[in-house]
Each structure stands twice: as C-alpha cells, then as structure tokens.
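Enquirer: My questions all concern the structure below.
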Amino acid sequence: MSRPGSRRGSRHLSLTGSNGVPMFYFELDTSECVDDNAPRPKITHDYPGRKASGRSDLALSKFKCKENGVQPLAVTNGSTTPLVEQPDVDEEAGIYDPFKHRHLEHPTTDLDTLIHLLKGSLGTGILSMPLAFKNAGLFFGLFATFGIGFICTYCVHILVKCAHELCRRTRVPSLDFADVAETAFSCGPGPVQKFSRLARALINTFLVIDLLGCCCVYLVFVSSNLQQVVNHYTGTEMSVQTYMLSMLPLLVLLNLIRNLKYLSPFSMAANMLIGTGMAITLYYVLTDLPAVTERPYFSTWQQLPLFFGNAIFALEGIGVVMPLENNMKTPTHFIGCPSVLNTGMAIVVSLYVCVGFFGYLKYGDITQGSITLNLPHDPLAQSVKVMIALAIFLTYSLQFYVPMEILRKGIIDVHFRKHPVATEYVMRVLLVCATVGIAIAIPMLGPFISLVGAVCLSTLGLMFPAVIEVVTFWDTPGGLGAYNWKLYKNAAIFSFGLLGFVTGTYVSVEDIIAELNKTHT
C-alpha cells in the first residue's frame, strides 16, 4: 500500500561495470514504497544476449537516461551508492576524456604495443610476398605494396579516430572493432540506426571467417613444407592432404586449451623459431642475386587481382589494432605523427617490400606460395622449413583463440548457457576439423592466401572503416570536411576495396578451380 505523500510511477536507471559496459537496466518502481521511502529496483533486463533493441548496449545507458529525464548519477533515498557512476569530464571544455577511465591492470607501454603490433602483423604473409611480386612485376609490386600499405595504415587511423569520438559521445572508456561499428550506427543518422546490430554481426562474421581462413592457410603452409622435407629424405610420395590428416589429433588436443595464459610458452617458442628461420631464409635469398633487368617490371593486368589479395593478406592487421590501443598506458600515442602505429607499419611494410622484391628477384618465375618452398635441399635449408613449419603449427592455437572467443560470446553465452564448457569443447573440436577439411579441399597455398585476403581483409581493412567514418560524422557540423571531401575520399576507398574484393575473389576462385582440375587429371 502506498504511503501518504509517496511518489507514483517509475524511473529508469542503468548499472554499469568497471569497464563502462552496461550490465543491468533497472526500472525503479515507486508505486509501492517501503517505510524508508526508498524506491525498489526491479530488474527488467538481467543478462547479456537479450533481444536486440536496435541500439548499442554500450550507448543504451546514456540514451535511456536521457530519454526518460534521469540524470546519469542516481542514488536511492538515504544512500550514497550510485547506480551509475558519473564519469569525470573536462569542466572547462565539457568533454569526456575516455582515456582517464581506462582502469587497466597491466597496461602496455609504447614499446610493448609496438612489439605486439609487429608480432601481429608479421606472419605467413611475409613469406608469400615474393609470389605477390611475381603477380605484379618487380617494380610495380614495389610501388604498389607501399601504396597498399599506406592505404591500410590510413584506414586504421580512421577506425581509431572514430573509436575515440564514439567513446566521448557515449562516455565509455574503450570500444573494440565490432563495438565501434555498432555504436557508430546506433548513434548515427536515424535511417541507419536499425542496422547497428547488423553492423556488429558483419564485423564479427568477417573476423571469424578471416581468422579461421588464416588457420586453413597455416595448415596448407605447414603441410607443404613438411612434405618437401619428409618426402626428400624418406623417398616417399605422401600427399599434402595426408600430412594434414596426420596433424589433426595434435591440433585437436592443442586447441582444447581454453586459457590464453597456457598458450604463451608456445608463442615464445614460435617467435624464436620463426626469427631464426627468417634469418637463414634471407641468407639464401640475398646470395647470388641476378640483375634486376632479368625480371619483368610489370606482369599482366589479369594477375593484378592475385597481387592485391596476397598483398592485403600480408599487410592488413586491423584485427589486432583495437585490442592493442585499448590496452595502452598512453593511447594518445597510438595514432598521430610520429606514433606507434606509423612506426610499426613503416617497419612492417619495409620488411614485406624487401622480402617480396629480393625473393622474386632471386627465384623469378619459379617463385612458390611460400619462399621457403624455393629453398634448396641441403640440410640447413631443410631445417629452416621444419623450424618455420613448427612455428606456424604452434601459432595456430593463438590464431584460433580469437574467433573462438567471438563465437563463445555471440553463440555459447547466449544460446547454450546451461552447458557452456561442454558446448565450447564440442565447438572447438568441430571447428578444428572444419579447418582441416577446408585445407584438404583447397591445398593450393598461393590462391588460398589471395582468396582470404580479397574476401575478408578488403572488407575489414578498407570498406568497413570508410563506412564507419561517414556514419560517425554524418550529423556532425563540418564532420565531413570542407565541401564534404571526406565523403568522396571514403567513397574512393570503399570503391577500391570493393574492386579488390570482386576481382580478387573471382581470379582466386578461378585459379583454385584450375589447380584442382590439374590435380584430378
């Protein structure tokens, strides 16, 4: 029963976690107040994974409070405990600073972030760069690789700047790639707000396809190198597919490890092996180089889509960007000039150009999908193939960890909450078997790399950042620049990514079909 003078009605409040992400959404029912006059909270949404409202969960708290006339800081009668912690703002400028609210247990320094960026960007892609130059021509590949590297780096700048802007608008400390896409649409123009959940789903879908595709590439890479070594010394003629099947039990056992901490020793061993192997590989590549006039400066227009797929597969590391930036001690140092991002990408692009240029100059038309496959059959070169193959095999688990986390949060935590651990183990086994099956079906390293790059990385690295920037600043006065130049610039980037997506996919699939036909005949 209501007491005299009690307030009737309801008020809406939200409760956030330490990272600023809304955990609960409260409706304070004040129609039946108890003796202490305090409203009683009634939880109306009590778990993640609820039916989509069409707006980002990260921005939901702010918008709901604003729409219902409730201040972000609300306390119960006689209590000093806030349901929503009021974030600090710059009192003079009235601007929320997200970097002051990142409470990180182990933040990374600029040097740590640079090392992680190099580690995340330098993988099997660098070993396929000579093949990319073969598909482009010696000097055209040189300039085109620098050009694609610049565009990819610029698109990372776009994504990070949009993330910072959206953090200030929604007053949350950090956002990952999918969060940025969802929040940009949910806070953007009215007609696109209903697509916010779709934007998140697309980003996560392409990330999962990309990373699992890389796992398939790893399997083809490892099997091809082991085949050369084992068949050479044993005189057998075992197929690449046989080596893939033989690795399946070990892969399943290794990928049942759910804690990233226990994968760290494998990562350290892989880094040492691949570093040693790359040093020996460069020794072979740089020995007895022919004259540059012996290689064509430009290949053919028909081969350029394969070059694009190879190059963007090697250079695009946008999937690791937001986690690295979100964990920095001084995130303002990530972009700018000079910055961690610019320094890291300059090193990455230079290394890729050197390996691609000199690798193709050394081996010419016989250049294979991985430069290690071109090495001679002496014991030192064979040891390189084993070292790098083992390093990539150990890296598979780290590459597999990220898509598994996305699937766990998006599927298991929402639809299989009764038996999450058992479901995760089953999903891990099925996904490992699926990657092995795909690799067995498409055992061609070069076309497979180009296909993954064209399909996934042209969308994630070029098309999505361009769309996100337009949506983020569409309603901001002057946000698109003088004469809306940013709109035209992003249209050009999107068109370039779309062209690479269509042509690269078509030519890669055509190449794969042709190789499969040769194998069957």
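Enquirer: Spelling out what I want: for every residue of the range 442-452, take phi, set θ = phi - 60°, compute 6.51 cos²θ - 1.76 cosθ + 1.60 (Karplus), and round to whole Hz; glycine and proline get x.
Expert: 10, x, 8, 5, x, x, 5, 4, 5, 5, 4
Enquirer: Something else now. For the pairs LYS134/LYS385; LYS194/LYS418; LYS119/LYS261; LYS119/LYS161, flag any whose C-alpha to C-alpha distance is greater than 26 Å.
Expert: Where the Cα-Cα span goes over 26 Å, the pairs concerned are LYS194/LYS418.
Enquirer: Sort 490-499, 133-142, 231-240 by packing, meaning the average of other beta carbons within 10 Å per residue, with the highest value first.
Expert: 133-142, 490-499, 231-240
Enquirer: Starting from the Cα-Cα distance between ALA346 and ALA514, subtract it from 0.36 nm times their residue separation and give me the gain in nm to one decimal.
Expert: 56.8 nm
Enquirer: List the residues whose amide H sits under 5 Å from the amide H of THR108, counting only those 5 or more places along or on another chain, with H placed 1.01 Å from N in the peptide plane.
Expert: HN-HN under 5 Å from THR108: MET328, LYS329.
Enquirer: Take the Cα coordinates of the range 347-431, assign each an equal point scatterer, and use the Debye formula without solvent to give log10 I(q)/I(0) at q = 0.16, 0.22 Å⁻¹.
Expert: Taken in order of the listed q values, log10 I(q)/I(0) reads -0.78, -1.05.
Enquirer: Roughly how far apart, in whole Å, are the Cα centres of the range 237-278 and the range 161-189?
Expert: 36 Å
Enquirer: Stretched out fully, how many nm does the piece from THR332 to TRP474 gain, at 0.36 nm a residue minus the Cα gap?
Expert: Gain on extension, THR332 to TRP474, equals 48.7 nm.
Enquirer: Kindly provide the pair-distance distribution of the range 109-520 built from C-alpha pairs, with 20 Å bins from 0 and whole-percent values in order of increasing distance.
Expert: With 20 Å bins starting at 0, P(r) equals 26, 59, 15, 0.
Enquirer: Then there's this: List the residues of the range 127-153 whose backbone N lies under 19 Å from a point placed 7 Å from the Cα of SER495 along the Cα-to-Cβ direction.
Expert: The answer is 148, 151-152, whose backbone nitrogens lie closer than 19 Å to the label point.
Enquirer: Give the dimensionless ratio obtained when the Cα radius of gyration of the range 124-196 is divided by 2.2 N^0.38 Å.
Expert: That works out to 1.61 for the range 124-196.
Enquirer: Now for a separate question. Can you figure out the FRET efficiency of MET268 with SER383, using R₀ = 25 Å and their beta-carbon distance, to the nearest 0.05?
Expert: That pair, MET268 with SER383, gives E of 0.80.
Only the coordinates and a few stated rules stand behind these numbers; no lab work does. Since this is a predicted model, take the numbers as computed values, not measurements. Please note: Cβ atoms are built from the backbone with ideal geometry, for glycine as well, and neighbour counts cover all protein chains shown.
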